[in-house]
């Protein structure tokens, strides 16, 4: 239960990196086709569709889900726990 948000953040970041790799590969493949071919235009429309917006996973568009989120949660939890132990 505790590791579910960590796994979610790591998976979201991995998916975003794979999309970036896919876009780069489609640009490379696009160069191999003649500019008037059907495949070239299909790849061009795909890369423009994927390349227009940066893929980000967010929690209700308030915070971006990535690995730094895990670190922030751990730091906040540790600080709260230390304060709790000091005043107990």
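Taken together, the values in this text are just the output of simple stated rules run on the coordinates, not laboratory data. What you are looking at is a predicted structure, and each value in this text was computed from that prediction instead of being measured. So basically every Cβ, Gly included, is an ideal-geometry build from the backbone, and we count neighbours across all protein chains shown.
Descriptive notes on the structure:
- Over the chain, Cα pairs under 8 Å with separation of 6+ residues give a relative contact order of 35 percent.
- Using alpha-carbon coordinates, inclination of helix 67-86 to the longest axis of the chain, degrees: 0 degrees
- The chain: most fluctuating residue of 21, 66, 32 per GNM, C-alpha cutoff 10 Å: 32
- Translational diffusion coefficient (Stokes-Einstein; Kirkwood radius from C-alpha pairs) of region 4-86 at 20 °C, 1.002 mPa s, in µm²/s: 137 µm²/s
- Of the residues 11, 19, 75, the one that moves most in a GNM of the chain with alpha-carbon contacts below 10 Å is 75.
- Acute angle (nearest 10 degrees) that the helix 4-30 long axis makes with the longest principal axis of the chain, alpha-carbon atoms: 20 degrees
- Of 57, 22, 33, the one that fluctuates the most in a GNM where the chain has Cα springs shorter than 10 Å: 33
- Neighbour counts of other Cβ atoms within 10 Å put 76, 26, 36 in the fewest-to-most order 36, 76, 26.
- Computed [θ] at 222 nm, deg cm²/dmol, the chain (DSSP H ≥ 4; -39,500 (n - 2.57); rounded to nearest 500): -24000 deg cm²/dmol
- Folded to 0 to 90 degrees: helix 38-51 orientation relative to the chain principal axis, Cα: 20 degrees
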